[in-house]
Amino acid sequence: RLNKLSDYLEEIVPVCRKRTDKYKLKAIQALAFVRWKQSRFREALPLFHEMEEILGKGAALCENIAHTYNSLGDYEKAEDYFRQSLKFIESEFGANKGNRGGVLLGLGLVRDRLGKHQEALPVCTKAYQFYKDRANGAPASLQAKAGISCAKLHAKLGNLPKAEEYIREAVDMYEVTCGETSPLTASAYHELGKVLWKQRKREAAQKALKRAYELEAMKDAWDLVVLLEIHNLLMDTHLKETDHIERTKFAEYFKISEYVTKRVQKDLPQDGNAAVYYKAAAELKAWGGEYVEAQGLFETAVQLFTVEKTTDCSWLIQSCQDMLAFCARNLQGTQASPMNFEVPVQAQATDDSLDADEEGDNQGGPTIEEIKDEAEESGPARAPEAVEAVPSVPAK
C-alpha cells in the first residue's frame, strides 16, 4: 500500500507545489511521512526541512526532523532538534503537556548513543516520570518503555540493582498492557535476564532468559541474532563461573531449540548464518547427552560452513569436527562423560566446553545483520494542528 501511495504522490506533489494554498503543504507532508514509513530517511529529511521553511519551526516538526536525523545516525543534529522541540512544547503547553515524554525519551536515547550516559539518564528519568504521572497508578506501556531505557542506562553506569528494579516493573506492565506473549514482553525478559546474569543471580537469570527464548522464538518477525544472543547467554549461566555442572538441566531448553531449528530450516537461507544456529543447537544437545541428534546438527553445520565464502569458517568447522568426535566416542562407549560433575577451580573462569577446543568462539563467524532494538525506536510525531495530520508512524 505504501508503494501504491508513493506512486500517486509522485504524480500529485509536483502539481501541488505550484499552488499557493494549503494543498502544497498537505502534499509535501504526505510524501514526507510515506518516505519515513518506507525507511527512506534521506528522502524524507529534505521534505521535512521544506515544511520547516514554509511553516517555521514547531514542536511536532522539530521532533519529526530529530527522529529522522536519529534514524540516519546523525545524533548531534538529532539532539539539537529534540532540544528545540522540547523548548516549543514547554513554551506552548507547559512542563507536563503535549508529547513531552516522547521528546524527552528521544533526547535521552540520542545522548546515550553519543556516549553521554550520565547526561542521558536524568532525561530518560524525566520521560519515565512523565508517563508515570500520566498513567496515575495504572499500568502503562509507555511508562514501561521509558523504564527499560532508564534500566539500560543504569546498567551501563554500573547500578545493576536499580536497572533490575525498572525492568521487573516493565515486565509486569507489558504483560498486563500488551500481553504475556507480546514482543515487548519478550524484549523485557531478555533485558531482565542480562541484568540478572551480570549480578550472577544464576537461577533467576536462567528463568528470565528461558522465558525470553520462548517468546522470541514465537515472534512472527523473529530475529536470529537475538535468539543466538539469548541461547548463548543461557549456556553461559550454566557453564561459567560455577563449581558444578548439571548437564541434565540442558534438556529444559530442547523443545525451544528444536522449534527454532525448524524455523531456521524453513524460513532462512541455508548458509553460514543458519549453520551458526545449528552449531549452537548441537552443542546444547551434546551437553544434554543427546549425542545422535547433536551429530546430525553438527554435520549439517559443517556442510554449510564448508561452502560459506563470505568469511573464513575453518575454526568453526574444526570445532564441529571435534565435537562430532566427542559424540562418537560417547556413543561407541570409549568415553563415559558424566551428566553431573564438579568443575576444578582453575577451570571455572574459562572452561565452557565438553571436549572441543572452543578458543575460536570469540572470533568472527558469518555476519548476521543486526536489527535495531524495537523498544527504543520511535516514529515521527503528529503534524502541527494547522495542517491536516498524516497518520504518524507508531512507536515500534
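Here are the numbers for this structure:
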| read-out | value |
| --- | --- |
| Virtual spin-label span in nm between Ala325 and Asp267, 7 Å along Cα→Cβ | 3.7 |
| Gaussian network model of the chain, springs between alpha carbon atoms under 10 Å - residue of Asn136, Asn273, Asn99 with greatest fluctuation | Asn136 |
| Among Thr310, Thr242, Thr177: highest mean-square fluctuation, GNM of the chain, C-alpha pairs under 10 Å | Thr310 |
| Cα pair count fraction exceeding 27 Å, expressed as % - the chain | 59 |
| Positive-end residue of Tyr131, Ser314, Asn273, charge dipole of the chain with Cβ unit charges | Tyr131 |
| Glu342 versus Lys4: modelled label distance in nm, points set 7 Å from Cα along the beta carbon direction | 7.1 |
| Average projected area [Cα convex hull, region 50-99], square nanometres | 3.4 |
| For region 1-126, alpha-carbon Rg over 2.2 N^0.38 Å | 1.15 |
| Folded to 0 to 90 degrees: helix 59-72 orientation relative to the chain principal axis, Cα | 40 |
| Relative contact order %, region 51-117, counting alpha carbon pairs below 8 Å whose residues are six or more apart | 31 |
| Solvent exposure of region 172-285 as accessible area per residue, Å², 1.4 Å probe | 42 |
| Compactness index (Cα Rg / 2.2 N^0.38 Å), region 165-289 | 1.05 |
| Cα-derived Rg over Rh, computed across region 109-190 with Rh taken as Kirkwood radius | 0.97 |
| Contour minus Cα-Cα distance for Tyr23 and Glu11 (0.36 nm per residue) | 2.9 nm |
| With DNA, RNA and ligands ignored, accessible area of His49 (1.4 Å probe; Å², nearest 10) | 50 |
| Highest-MSF residue in the chain out of Glu164, Glu293, Glu11 [GNM, Cα springs under 10 Å] | Glu11 |
| Hz values of 3J(HN,Hα) by residue in region 318-335 - Karplus curve (6.51, -1.76, 1.60), Gly and Pro given as x | 4, 4, 5, 5, 4, 5, 4, 5, 4, 4, 4, 4, 5, 6, 7, x, 8, 9 |
| Farthest positive-ward along the chain dipole, Cα basis, beta-carbon charges - from Gln84, Thr334, Ala205 | Gln84 |
| Rounded to the nearest 20 debye, dipole of region 178-248 from Cβ charges on Lys, Arg, Asp, Glu | 260 |
| Length released on extending from Glu180 to Lys77, taking residue separation times 0.36 nm less the Cα-Cα span | 33.3 nm |
| Of Lys37/Lys262; Lys4/Lys309; Lys219/Lys240; Lys57/Lys126; Lys87/Lys145, pairs whose Cα-Cα distance is over 27 Å | Lys37/Lys262; Lys4/Lys309; Lys219/Lys240 |
| Between region 258-296 and region 99-114, the alpha-carbon center distance in angstrom | 39 |
| Calculated from backbone phi, Karplus (6.51, -1.76, 1.60) coupling profile of region 239-252 in Hz, x at Gly/Pro | 10, 9, 6, 9, 9, 8, 10, 9, 5, 5, 5, 5, 4, 4 |
| Relative contact order of region 93-188, defined on C-alpha pairs under 8 angstrom at six or more residues apart (%) | 21 |
| Separation in nanometres of the label points that stand 7 Å from Cα toward Cβ, at Lys198 and Leu157 | 1.2 |
| Computed lengthening from Lys57 to Lys207, 0.36 nm per intervening residue step minus Cα-Cα distance | 49.1 nm |
| Convex hull volume of region 21-89 per residue (C-alpha atoms, cubic angstrom) | 71 |
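The values are calculated or read from the model by the stated rules, or taken from the named source; none is laboratory data. Because the structure is predicted, anything quoted here is derived from the model rather than measured. For neighbour counting, all protein chains shown are included, and Cβ atoms are generated from backbone atoms with ideal geometry for every residue, glycine included. With ligands, DNA and RNA removed, areas are computed over all heavy atoms of the protein, side chains included. Shrake-Rupley method; radii C 1.70, N 1.55, O 1.52, S 1.80 Å.
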